Amino acid sequence: MNHNPVNWGRPSDDQYGPYNYQIANASNVASQATKNSQNEFPTMHTQQPMITGASVVAVKFNDGVVMATDKLGSYGSLLRLDDLERMIQVGDSTVVGVSGDISDFQYLQRLLDELLIEDNYDMEQSNLKASHVHEYLRGVFYNRRSKMNPLWNACVVAGFDADGEVFLKYVNLLGVSYSSPAIATGFGAYMGVPLLRQKVENEEDVKKLEKEDAIKLVRDCMKVLFYRDARSWDKYDLCVITKSTKKIEFQKGLECEGQSWKFARDISGYGLPQQ
Amino acid sequence: MTSIGTGYDLANSIFSPDGRNFQVEYASKAVENAGTSIGICCKDGVVLATEKVINSKLLVPGKNRRIQSIDRHVGVVYSGLIPDGRHFVNRGRDEARSFKSIYKEPIGLQGLIDRLGYFVQAYTCYNSVRPFGINAIVGGIDSKGPHLFMVEPSGTYWGYYGTATGKGRQSARAELEKLDLPNISAKDAVKEAARIIYLAHEDNKDKDFELEVSWVSKSETNGVHQFVPKELFDEAVKYAEEEQESDEDEDESDEGDEEMA
Amino acid sequence: MQAQNTLLNTEYSTDAQTEPIEHRFNPYQDNGGTILGIAGEDFAVLAGDTRQTVGYSIDSRYEPKVHDVGDNLLLSANGFSADGVQLVKVFQNQLKWYHFDNNKEMAVSSAARLIQHMLYRKRMFPYYVATILAGLDEEGKGAIYSFDPVGSYEREQCRAGGAAASLIMPFLDNQVNFKNQMDPESNGTKRRPLKYLSLEEVIQLVRDAFTSATERHIEVGDGLQILIVTKDGVRSEYFPLKKD
């Protein structure tokens, strides 16, 4: 006995068999379709990032690179993780800054660690340079996008190449890559890069930028991003890669200093007029 | 030779009536005449060393490395058929990689050797394969401290404070037993390892050899398996040579005493 | 609870259930930029701007995309830059194997046919690029081959590809192939006869084409990279373009 009154008085399945939804091309086949959803739909891969990291900002100076990433992991608009480190050192010549999906970032971390272990099998000095790491990541990203199953990230690879020269190059989920004296991912590309380019428009300008000025420049970018990018944060890590000393140094847990929100009062034009 | 196996040695997976697997025993023969390899467990690490027999003057010194890494914290040295050893090491690397990918932490030595022992044993069970012609000494550091194991062609493995395999294994083991293992320092272990390899070479004196020493130690290498630095290596060789000379002197004087008597 | 069920579980209740909304991942992107190849009697040039863009953003002002791939061949694939980079990379690898297998240099006509195969085998998921190959043919004459994204190709005297192709191509028709030019003597009855341009004339044409394209197209600018192939090998020149 079917106790649902909606079904009372209908031809029962055990007497007439199940209803054939194909009759008259009935459109209400969703429940049927869901049952076989695995056959009905093409394989679905990542279509959007989940927990995300915001911009990576990096700039070359006359003796290396400065790079920064904030410590926030957002779940949509929720502050989900508050102590993230999104820059990873790979060997003694490379730092990779990663924005986008955090689980994909952790997967990349694993791949790069395996790469490093393989590089160390011969127990000779490390041969893995920043240019190699970049080309490896480009391959990984491009192959995954070609399988329509992307790793949802944009990376900045910084360090030294095989000739010991300073290296800075971008690569993202599509396998698109480029180098430039000033690089930023995400919102940083809109709000950070113009600030960086005021100082370093080309390689000639790089020779004129001192380390301290580069650090200040990147820190200013992080502050502007905190002002304007809702998914950024005022706590961040900074990395300085120096060619003359061959050193990679991290300054972890920095905060945006000298914030001033006075400008906010003068902003108008987004909605109702202010009093 | 044919009379020894009497037909029971023609394949793996066949026992002789008295319960022996001849193919496995023959594999051990391949090890017995190879260059000596040793492993020493010290206070906070492991030292591996091998006697590389030089069979051509054209080989570049220092180029043909024999000690290998399985993971950052695990080293291997083996005596026997080198390609078999390479295959064994590759399997170890796969196991270490898969463990790390699943559990994030580096594989433990006991866990690794379990898997490798199982792997080697499998090669004694099937007609299509032959057993590994190596004795592999696997050493490293994990969260429980230093460990040293040796795997035999049968798949048997034991944990050791110190072990040796290859042609000079008897004299090497005798020397290892005299050491205060595992209470010596890593640096001392390196020197002793060099001395023991030089001593074990006496069994193979007509051939040239090259020494190779690696170590993995908490205090000296921060838990990473590496070749020993050049200065320490040279120091160890010097020590080994001096000890050998003094031994020879003693022998000579001993012989002199006998004559006197 | 029962009451609620009764209300919800109607004959029409399933109608509201539709297929899930699908946000499809887009594997392509337009990275702007323009390339241009012109063949002369004993030389060929292949030029491209060095700007790389996405939308209104300039990603890089100097990311060269014309490549000297060896064997006196120049290759550029313009459009979706990841595909362009990959195509050149795969081609260089194929070229290496061609040397191993055949122990000779690859002729420009063979390279062109090879590129057709590389593009066509991805017919159902194409490399989203306009491709131009430049080199010298068996007689030592300049050769330009141009390809569409799925491998259709032909040899031409000149070809522009990429963002500003439609701006440059008519200019090239007029200035290289003398289209719509008449012999002044004939009072507009005879076409101006074709002739090979000198290298200096060609480089000036290329520079003019790119300065004009830079004025009219936002995705073109920053720098102009010109690679020139002659029997003596490949050399390159660089000229700045407007950065606005």
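The values are calculated or read from the model by the stated rules, or taken from the named source; none is laboratory data. From a predicted model like this one, the values you see are computed outputs, not experimental measurements. Glycine gets a Cβ as well: all are built from the backbone with ideal geometry, and neighbour counts include every protein chain shown. Calculation scope for accessible area: heavy atoms of the full protein, side chains included, ligands and nucleic acids excluded. Shrake-Rupley method; radii C 1.70, N 1.55, O 1.52, S 1.80 Å.
Side notes on the structure shown:
- Over 25 Å between alpha carbons, listed pairs A:Lys169/A:Lys246; C:Lys141/C:Lys243; B:Lys29/B:Lys100; A:Lys246/B:Lys144; A:Lys211/A:Lys235: C:Lys141/C:Lys243; B:Lys29/B:Lys100; A:Lys246/B:Lys144
- 3J(HN,Hα) from dihedral phi, the stretch B:42-58, Karplus parametrisation 6.51/-1.76/1.60, rounded to Hz, x for glycine, proline: 10, 3, 10, x, 9, 10, 10, 8, 9, 9, 8, 6, 8, 9, 7, 5, 7
- Largest GNM mean-square fluctuation across C:Ser152, C:Ser60, C:Ser186, computed for chain C with C-alpha springs under 10 Å, falls on C:Ser186.
- Each residue of the stretch C:230-236 is assigned a 3J(HN,Hα), and the resulting list reads 10, 5, 8, x, 10, 10, 10 Hz, derived from the Karplus form 6.51 cos²θ - 1.76 cosθ + 1.60 (θ = phi - 60°), x at Gly and Pro.
- Partner shielding of C:60-68 amounts to 3, given as the average count of beta-carbon atoms from other chains within 10 Å of each residue beta-carbon.
- Sequence-distant lysines (8 or more away, or on other chains) whose Cα lies within less than 16 Å of B:Lys63: B:Lys52, B:Lys230
- Rounded, prolate or oblate (a/c below 1.5 giving rounded, otherwise prolate when a/b exceeds b/c) for the stretch B:69-225 by Cα gyration tensor: oblate
- Prolate/oblate/rounded call for the stretch C:92-138, Cα gyration tensor, a/c under 1.5 rounded: oblate
- Rounded to two decimals, the Cα radius of gyration of the stretch B:144-217 over 2.2 N^0.38 Å is 1.16.
- Solvent exposure of the stretch B:22-251 amounts to 46 Å² per residue of accessible area, where only protein heavy atoms count and the probe is 1.4 Å.
- Global form of the stretch A:97-197, assessed from the alpha-carbon gyration tensor, a/c cut-off 1.5: oblate
- Summarising the amide proton neighbourhood of B:Gly162: residues at separation of 5 or more, or on other chains, whose placed amide H is nearer than 5 Å comprise B:Cys41.
- Chain C - Rg and Dmax from Cα coordinates, angstrom: 24.0, 98
- Efficiency of FRET from Cβ geometry, C:Asn174 and B:Ser219, R₀ 60 Å, rounded to 0.05: 0.15
- Against the main long axis of the alpha-carbon atoms of chain C, helix C:108-120 sits at an angle near 10°.
- Built amide H within the under 5 Å cut-off of B:Glu212, gap 5+: B:Thr50, B:Lys52
- Over the protein assembly as shown: helical MRE at 222 nm, DSSP H runs n ≥ 4 each giving -39500 (n - 2.57), nearest 500: -10500 deg cm²/dmol
- C-alpha long axis of helix C:165-175 to longest principal axis of chain C, angle in °: 20 degrees
- What the stretch C:34-241 shows is 48 Å² of accessible area per residue, with the surface traced by a 1.4 Å probe over protein heavy atoms.
- Grouping the Cα pair distances of the protein assembly as shown into 10 Å bins from zero gives a pair-distance distribution of 2, 10, 15, 15, 16, 15, 13, 8, 4, 1, 0, 0, 0, 0 percent in increasing distance order.
- Residues whose placed amide H lies under 5 Å from that of A:Leu151, excluding near-sequence neighbours: A:Arg145
- Among B:Asp188, B:Asp142, B:Asp44, the largest mean-square fluctuation in a Gaussian network model of chain B, built with springs joining Cα atoms closer than 10 Å, belongs to B:Asp188.
- Note, ³J(HN,Hα) from phi for the stretch B:204-218, Karplus 6.51, -1.76, 1.60, rounded to Hz, x at Gly and Pro: 9, 4, 6, 10, 6, 8, 10, 8, 9, 10, 10, 8, 9, 8, 5
- Residue with peak Gaussian network fluctuation, chain C [Cα springs, cutoff 10 Å], from C:Tyr120, C:Tyr98, C:Tyr56: C:Tyr56
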